[in-house]
1. Can you confirm whether the stretch 150-160 contains a residue that is touching a Leu at 6+ places or on another chain (Cβ under 7 Å) and either in contact (Cβ under 8 Å) with a residue 40 or more places away in the chain or not assigned by TED's automatic domain parsing to the domain that holds Asn10 (or both)?
2. I'm trying to understand the selection: among the residues of the stretch 132-152, which are of a type outside the set (Lys, Arg), surrounded by 16 or more Cβ atoms within 10 Å (Cβ to Cβ) and not in a helix (DSSP H, G or I)?
3. Of the conditions (1) over 19 Å from the mean Cα position of the chain (by Cα); (2) of a type in the set (A, V, I, L, M, F, W, C); (3) crowded, with 17+ Cβ neighbours inside 10 Å, Phe207 satisfies every one except a single condition; which number is it?
4. Checking Asp261 against (1) surrounded by fewer than 17 Cβ atoms within 10 Å (Cβ to Cβ); (2) in contact (Cβ under 8 Å) with a residue 24 or more places away in the chain; (3) in contact with a helix residue (DSSP H, G or I) (Cβ under 8 Å, 6 or more places away or on another chain), only one condition comes out false. Which one?
5. Of the residues in the stretch 1-32, how many are modelled with pLDDT under 85, touching a strand residue (DSSP E or B) at 6+ places or on another chain (Cβ under 6 Å), surrounded by fewer than 19 Cβ atoms within 10 Å (Cβ to Cβ) and closer than 26 Å to Gly252 by Cβ?
6. Looking only at residues in the stretch 174-219 that are free of Cβ contacts under 8 Å to residues at least 12 places away in the same chain and either assigned to a loop (DSSP other than H, G, I, E, B) or of a type in the set (Phe, Trp, Tyr) (or both), which one is farthest from Lys163 (Cα to Cα)?
7. Yes or no: the stretch 110-133 includes at least one residue that is within 18 Å of Cys40 (Cα to Cα) and in contact with a Gly (Cβ under 7 Å, 6 or more places away or on another chain).
Amino acid sequence: MILENDILSNESSALIKEFYFAHIPATSGIKLKPVIDDGCYDFIFFNEKQTALEFGKNKKKLPIDYDTFTISLSEPPYKLKFDNSITFFTIKVQPWFNASFFPLNKFHKQEGIINLESLYGKEVTKLHQELFSSNDFEEQKKLALNFVEKNKPIFTEEIRLVKSVCEKIYEKKGITSVQELAQQFELSRQTINKIFKNEVTYTLKKFIVIVRIMEVIKHKVRHHNLSFTELSYEFGYFDQAHFNNDFKRICGVSPSAFFKDLPPFLERHK
C-alpha cells in the first residue's frame, strides 16, 4: 500500500487543504474500505474502474463510472468497494470554497457520484491523464495546483467571513457551538447559519460536529491506547451517550465498529 499526502501550509492553503495519493494493491486483500466525510469537497481522480460507493444504512451501491468525480448528498457510513487494485489522487479544497468549486445546485440535489467533467469539461480529463502519466508525487501536486489556481473562485466578503468561522472551529477542534460563534462574529444565529450553508453546503452545526469527530479520530489514531471514555471527556463531551451519537451521526457506525475497520487513508494522520 502506498499513501502520500501534503497538508499545505503556504499561501495556497487558502484554497487547498490537502493533496493525497493512494495506491492499494489487489494483493493487500482489501476489497471494501470505509471513508469518512470531513466537510471538505474533493476533486477525486481514479485510475481504475470496477469500483463502487456503498453508503447509508441500507448499503446502497453506486458504481463509480467516471475518471474524475466528487461525492455529494449521501448518508454515512461510506465504503469504497473494489475488485482489484485501486489508485487515486485527491485535491481536497478548503471548506469555505466548497460551493464555489462545486456548484452542485446545477445537479438538482443529485445524490452520490457527481461527474466533474460536467463542471470542468475536458480540462479535468487532461489533468487526469497528466496525473497518472507521472509517478512523482511532487509533479502531481504541481499539476493539481496549476489547475486549482487557474479555476480559483473570487474571494468574496462572505467567503472571507466563512473562512474565519471555519478557522475558529478548527482552532477549537470543534469544541464550540453555533451560539458561541454567532456571538464572536456579532451576527445572529440565522444570519451566520445562512451565510455558512451557502458557502460550505453544510449547516454550521453539522460542520462543527464533523470537525470535532475528525479531531477525535485523528487523536485516537495517534494515541490508540486511549479508551473511548477518555476520548469523549478530552473532547468536551459530558457523557458517553452524546459522544456515541455524534460519532455515529458522522461516521454511520459506533466508535468501536469504526476503529475495528479503520480506513487506510487515515494512516496519514499518524
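The values are calculated or read from the model by the stated rules, or taken from the named source; none is laboratory data. In this text the structure is predicted, and so the values were computed from the model without any measurement. Here the Cβ positions follow ideal geometry from the backbone for every residue, glycine too, while neighbour counts run over all protein chains shown.
1. Just the residues of the stretch 150-160 that are touching a Leu at 6+ places or on another chain (Cβ under 7 Å), to begin with: 152.
Applying the additional criterion that residues be either in contact (Cβ under 8 Å) with a residue 40 or more places away in the chain or not assigned by TED's automatic domain parsing to the domain that holds Asn10 (or both) yields 152.
Looking for residues that are touching a Leu at 6+ places or on another chain (Cβ under 7 Å) and either in contact (Cβ under 8 Å) with a residue 40 or more places away in the chain or not assigned by TED's automatic domain parsing to the domain that holds Asn10 (or both), one finds at least one in the stretch 150-160, hence yes.
2. Listed by number, the list holds a single entry, Phe132.
3. (1)
4. Of everything listed in (1) surrounded by fewer than 17 Cβ atoms within 10 Å (Cβ to Cβ); (2) in contact (Cβ under 8 Å) with a residue 24 or more places away in the chain; (3) in contact with a helix residue (DSSP H, G or I) (Cβ under 8 Å, 6 or more places away or on another chain), Asp261 misses just condition (3).
5. Counting residues in the stretch 1-32 that are modelled with pLDDT under 85, touching a strand residue (DSSP E or B) at 6+ places or on another chain (Cβ under 6 Å), surrounded by fewer than 19 Cβ atoms within 10 Å (Cβ to Cβ) and closer than 26 Å to Gly252 by Cβ gives 4.
6. Here the answer is Ser188.
7. no
Let's see how each residue does on (1) of a type in the set (A, V, I, L, M); (2) at pLDDT below 95; (3) assigned by TED's automatic domain parsing to the domain that holds Phe89:
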position: Glu186; (1), (2), (3): no, no, no
position: Asn193; (1), (2), (3): no, no, no
position: Lys205; (1), (2), (3): no, no, no
position: Ile210; (1), (2), (3): yes, no, no
position: Gln240; (1), (2), (3): no, yes, no
